[in-house]
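So the structure is just underneath, and the comments pick up after that.
No value in this document is a laboratory result; all are computed from the given coordinates. Since the structure is predicted, the reported quantities are computational estimates derived from the model, not experimental observations. For neighbour counting, all protein chains shown are included, and Cβ atoms are generated from backbone atoms with ideal geometry for every residue, glycine included.
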C-alpha cells in the first residue's frame, strides 16, 4: 500500500495551496503571447516514436537516453513527449495549417517526460510554456520571439537574467564547421566519453553540448561556429542583432550555444540566471528551418522557444519575487437549521453569479466551528443565518477584520448590495 500513496520519483504534486503560483505565471504568459498574436494549440501527450527520433534528432541525449518509449497492444512504438515542438510541427503538417495563412503563430502549455536523474530544476515530468511560429524566414520574427520571452520574464519580475544569442548556421556553412570540429576533437579521441566518440562522425556539434566535465573542458578550445557562417547566415544574424538593438534588448553573443536538439538552425538563444546554480537556463529557443521538411512536409521556415515552469518558479523563489495571493473567500454563511441551509444555498448562488467567492458549511459543523473555519480560510465577511433571520428576512453581514456589521435584506437584492459592499469597504480583505 505504501507504494501507491507516494508519488513516482522525478514527479511533483501541485497542491491547491500552491496552484495560484502556477496560475499567476501562466496568465502572464497567455496575456503576452496574445499581445504578440499567438493562439493556443493543444497536442497529444504521446506521439509515434519516429516523430521524435526524426524531429529531435537521433544523436541527442533526449532520443538516445531520456525518452519514455513503449509498444502499444497494436504493436506501435509510441513515446511520451520529451518536448513540445515536434508535436506542434506534426499538427501543422497533418492539418495543413499553412492554408489558413502565414505565419502560423501558436503557443502551448505542455507536460513533458524525460528519464534522467531527478535534481533541483530537472524532473522526469516537467511543464513548459512554448511558442511556435511557422512560415517566415525574416530575422524580424527571430527578434520578435526573443522580445516576447523577454516581456514574459520582465512581467514576472525576474532580475539577474541575461540573454545569450548565437547563430549555428545553415546546413551549407555547418558542413564546413563540422569538418573543423572533427579535426579538432580527433586529437582528443582517447579522452572523449563513449557517447561523444559515437557523435564525432555523425554529429560533431553535439560534442559541444556534452555534460561530461572532461569533454566540456576540451570543447572550450574548439572552433567557433561564428567563424564559419556563410554570407546569408551572417547577414541574418546581423539583422537579428540590429532589431534587438532597436528594441533596447540587451544581449551577449555566446558562440558556444548550440542547444540540445538537432532541429535548430541559424539563430539560437538562451535566457540564463545564476540564481539557482547549474540549472540556470530559464528559456531556450531559436530557429529550426528544416524541421517541417525533416518530417515530410514542404520547406516551411520555423522558430520558437520553451520555458520551464518549475524552473521559473525556482528562480522567482530564489530572487524573492512575491506572487500575489489569490483573493480570499468574500462571504461565508454560517447556518443553524435546515431552513437556514436552504436559504444560504439560494443566497450563495446569487453571490457567486456576481463573480465573488462564497462558501457555507458542507460537513456538518456546529456554529462555533463554522465561524472558526470562516476565520481559517480568511473570509472577508460572514453571515449567521437561523430561524430568526429567515423570519425577519434580513441578516447582519459582518466584516471579519473590523467587526463592523451591515444589515441586508435576504431578498433578490442581497447579492447586488453585498457586491457593492465589497467594492466600497476594502478593509475586510487582508490581501
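Compute the Cα gyration tensor for the stretch 1-158, then decide on rounded, prolate or oblate, letting a ≥ b ≥ c be the square roots of its eigenvalues: rounded whenever a/c is under 1.5, prolate when a/b is larger than b/c in the other cases, and oblate in all that remain. Each step should come with its number before you reach the end.
Working: a/c = 2.00, a/b = 1.19, b/c = 1.68.
It comes out oblate by the Cα gyration axes.
What nm value, rounded to one decimal, do you get for the distance between residue 404 and residue 13 when each label is placed 7 Å out toward the C-beta?
4.1 nm
Evaluate the distance, in nm, between pseudo-label points positioned 7 Å from the Cα of residue 23 and of residue 317 along their respective Cα→Cβ axes.
According to this spin-label approximation, the distance is 2.0 nm.
Cβ neighbours within 10 Å, averaged per peptide: list 99-110, 372-383 in order, most packed at the top.
Per-residue Cβ counts within 10 Å, averaged per peptide and sorted highest first, yield 372-383, 99-110.
If you find the alpha carbon centre of the stretch 284-306 and of the stretch 211-252, how far apart are they in angstrom?
With the stretch 284-306 and the stretch 211-252 each reduced to a Cα centre, they are spaced 19 Å.
Quick one: what do you get for the stretch 331-421 if you divide its Cα Rg by 2.2 N^0.38 Å? List each step's numbers first, then the result.
Values: Rg = 11.8 Å, N = 91, 2.2 N^0.38 = 12.2 Å.
Normalised by 2.2 N^0.38 Å, the Cα Rg of the stretch 331-421 equals 0.97.
How tilted is helix 171-185 with respect to the longest principal axis of the chain? Cα atoms for both, answer in degrees (0 to 90, nearest 10).
So the helix axis and the longest Cα principal axis differ by about 70 degrees.
Where does helix 85-94 land angle-wise versus the long Cα axis of the chain, in degrees 0 to 90, nearest 10?
Approximately 90 degrees, to the nearest 10.
If you line up the long axis of helix 414-424 against the longest principal axis of the chain, both from Cα atoms, how many degrees apart are they, to the nearest 10?
Roughly 60 degrees between the two axes.
How big is Rg to Rh over the stretch 382-431, alpha-carbon atoms, Rh as the Kirkwood inverse-mean-distance radius?
On the way: Rg = 11.3 Å, Rh = 11.4 Å.
That ratio equals 0.99.
Can you say what percent of the DSSP beta bridges in the stretch 281-377, counting only those with both residues inside, are antiparallel? Round to 5.
60 percent
The stretch 4-51 to the stretch 128-207: how many Å between their Cα centroids?
24 Å
Of all beta bridges DSSP finds with both residues in the stretch 331-421, what is the antiparallel percent, to the nearest 5?
50 percent
Mind running the shape call on the stretch 342-384? Use the C-alpha gyration tensor, a ≥ b ≥ c as the square roots of the eigenvalues: rounded below 1.5 for a/c, prolate if a/b tops b/c, oblate otherwise. Let's see the in-between values first.
On the way: a/c = 2.40, a/b = 1.42, b/c = 1.69.
Since a/c reaches 1.5 but b/c is at least a/b, the shape of the stretch 342-384 is classed as oblate.
Assuming 0.36 nm per residue, please report the length gained on full extension of the stretch residue 117 to residue 68 beyond their Cα-Cα distance. Write down the numbers at each step before the final one.
Working: separation 49, 0.36 × 49 = 17.64 nm, distance 1.37 nm.
That works out to 16.3 nm of additional length.
I need the semi-axes of the equivalent ellipsoid of the stretch 163-208: take the C-alpha gyration tensor, multiply each eigenvalue by 5, square-root it, list largest first in whole angstrom. Walk me through the intermediate numbers first.
Values: eigenvalues 85, 33, 16 Å².
Output for the stretch 163-208: semi-axes of 21, 13, 9 Å.
Share of antiparallel DSSP beta bridges in the chain, in percent to the nearest 5? Intermediate values should be presented prior to the final figure.
Numbers: 50 of 62 bridges.
Just about 80 percent of them are antiparallel.
Kirkwood hydrodynamic radius of the stretch 221-310 from all distinct Cα pairs, in Å?
14.8 Å
Ranked by Cβ crowding within 10 angstrom, fewest neighbours first, how are 127, 299 ordered? Please list the in-between numbers first.
Values: 127 20, 299 10.
Lowest count first: 299, 127.
I want to make sure I understand the PRE zone here: with the label point 7 angstrom from the Cα of residue 250 toward its beta carbon, which residues in the stretch 136-171 have backbone N atoms less than 14 Å away?
154, 158-164
Test of understanding: ordering 287, 114 by Cβ neighbours within 10 Å, fewest first, what list do you get?
If I rank by nearby Cβ atoms, fewest first, I get 114, 287.
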